[in-house]
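Nothing in this text is a laboratory measurement; each read-out follows from the coordinates by a stated rule. Values in this document were obtained by computation on a predicted structure and should not be read as measured data. Every residue, glycine among them, receives a Cβ derived from its backbone with ideal geometry; neighbour counts consider all protein chains shown.
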Amino acid sequence: MALLFNPSGVRKFLPVDLDSDPEDQGRVPAYFGSSTTLSSNTDNSDETEDNFNVVLRVRPPNAQERNRRDQFIVDFPGDGQVSVNNQGTVRSFQFNVVLEPDAAQEDVFETSGMKKLIDAAIMGYTCTAFAFGQTGSGKTHTMTGPPAQGLEGIFVTRVVLQCGCNF
Ligand SMILES: Nc1ncnc2c1ncn2[C@@H]1O[C@H](COP(=O)(O)OP(=O)(O)OP(=O)(O)O)[C@@H](O)[C@H]1O
């Protein structure tokens, strides 16, 4: 399951900042782009000019897969890499962030770039986070559940806290 984050740079909802350089207005903040693997590097502070963050989360095998004694064929060498060993044929892939099966929802939130997305959203940038992957790969689990623990819930809670709103 992969998550894609992107602040698009549209600042429709804020008044124009007259003190800022007109050249800078509407420019997308370069927020994303660290290469981390949860087990080897949880510091998400490296920044590049990349405004897209592609995050891979690998879920643990489910009961059916365990009962079938399916082999776990994904390896995590670190630095945003994964390798898949398909009966001896090994293919490697690179992501901005890779989250291993034991990653908790909070880990996803902390390391995936969602925190920076909140900053960008509060600044008025239009942001997108979407999940894609095959059926049963964990999109719904990551984005909305378990109850109140999905990225959506954490995101909303953090926005409220970060804005200092009291309800
Ligand atoms: N990281 C995870 N840890 C533990 N269980 C998980 C994880 N990711 C997914 N699951 C479990 O795997 C099952 C399938 O996950 P989920 O429904 O999120 O998949 P999906 O990608 O949304 O599937 P679909 O496209 O069919 O809606 C669920 O029972 C879910 O609780």
### Task
For S137 paired with D102, estimate the spin-label separation in nm (one decimal), with each label point 7 Å from Cα along the Cα-to-Cβ line.
2.4 nm
### Query
For segment 54-167, what class follows from the C-alpha gyration tensor (a ≥ b ≥ c being the square roots of its eigenvalues): rounded when a/c is under 1.5, otherwise prolate if a/b is larger than b/c, else oblate?
prolate
### Query
R0 = 35 Å: FRET efficiency of N85 with V160, Cβ-based, nearest 0.05?
0.20
### Query
Any idea how far apart E110 and T144 come out in nm if each label point goes 7 Å out from Cα toward Cβ?
2.7 nm
### Query
Which net charge results for the neighbourhood of T142, defined as the other residues with beta-carbon distances under 9 angstrom from its beta-carbon, given Lys and Arg at +1 and Asp and Glu at -1?
+3
